[in-house]
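Where a number appears in this text, it was derived from the coordinates with a stated rule and is not lab data. The shown structure was predicted, so the numbers you read here are calculated from the model rather than taken from an experiment. As a convention, Cβ positions derive from the backbone with ideal geometry for all residues, glycine included, and neighbour counts pool all protein chains shown.
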Amino acid sequence: MEKAIELKGVKKSYRLSKEVSVPALKGIDLSIDKGEYVAICGVSGSGKSTLLHIIGCLDKATEGEVIINGEDVSSLNNRKLSKIRCQEIGFVLQDFGLIPYRTVYENVEVPLLFAGVKRSKRKEMISAALKEVGIEDLTYRKVIKMSGGQKQRAAIARAIVNNASLILADEPTGQLDTDTKREMNELFRKLKESGKTVVVVTHDKELAGSADRVLFISDGKIL
Ligand SMILES: Nc1ncnc2c1ncn2[C@@H]1O[C@H](COP(=O)(O)OP(=O)(O)O)[C@@H](O)[C@H]1O
Ligand SMILES: [Mg+2]
């Protein structure tokens, strides 16, 4: 089986001052197959977001190896990292990360603008992504006028619009009601069925339960 993600001895410390640094990850070894759907669980402060940010090339490990779709990204410069983020990774951020006074269309368009995709092609890709998450009727709605579940769908549309092979989500159901959680659950399952690798950080037992595998992280280590 081809690997989507491999981490070897990954450590991450946040430097607060010259003398003080906070160890957030204390030696993570991890291997996730292409097309696998993995949930990562752990209490607040255990290092889940840090781990997801390193997998998503949003942040760099202090030590260790990070291999994404066969490429060692540990030593790449920021320009190359951002290229990988653009082409291969879709991120669903903890607080959606949408621009509130813009339309769904404009929000989902952002990664395509970064990737330099032409206008007509952008339109096509945005329409396909919105259809996939079931909010094509909200294309020109401003984010500020949408419900939590609708915003979450828009955030997922933005994550998948560039046809990323790897979808990473940080507590995607944290602020949603039970019915909407269930819909998100199905949506992540559907992304997995369509061949994507999905990694979700969650407290939600039901969401974790629908993953192929659940990893537990505690105090910067995988249990
Ligand atoms: N930017 C940062 N600067 C300093 N410490 C941080 C930063 N981000 C996270 N931490 C610390 O790293 C640890 C892990 O945090 P985090 O990965 O956000 O955990 P989780 O997502 O599981 O709540 C915590 O002790 C947290 O306080
Ligand atoms: Mg977090």
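Some notes on this structure:
- Radius of gyration over Kirkwood radius for the chain, both on Cα atoms: the Rg/Rh ratio is 0.96.
- Cα long-axis angle, helix 119-133 against the chain (0 to 90 degrees, to the nearest 10): 80 degrees
- Looking at the stretch 9-79, the trypsin sites (Lys or Arg not before Pro) that sit in a DSSP loop and have at most 14 other Cβ atoms within 10 Å of their own Cβ are Lys18.
- Computed over the Cα atoms of the stretch 106-223, the ratio of the radius of gyration to the Kirkwood radius (Rg/Rh) comes to 0.99.
- Taking 0.36 nm per residue of sequence separation and removing the Cα-Cα distance, the Arg79/Glu2 pair yields an extension gain of 25.1 nm.
- Potential lengthening between Gln87 and Glu206 on full extension [0.36 nm per residue; Cα-Cα distance subtracted]: 39.8 nm
- Taking chymotrypsin sites (Phe, Trp or Tyr not before Pro) across the stretch 123-223, the ones in a DSSP loop with at most 13 further Cβ atoms lying within 10 angstrom of their Cβ are Tyr140.
- Three principal axis extents describe the C-alpha atoms of the stretch 105-151; from largest down they are 30, 18, 14 Å.
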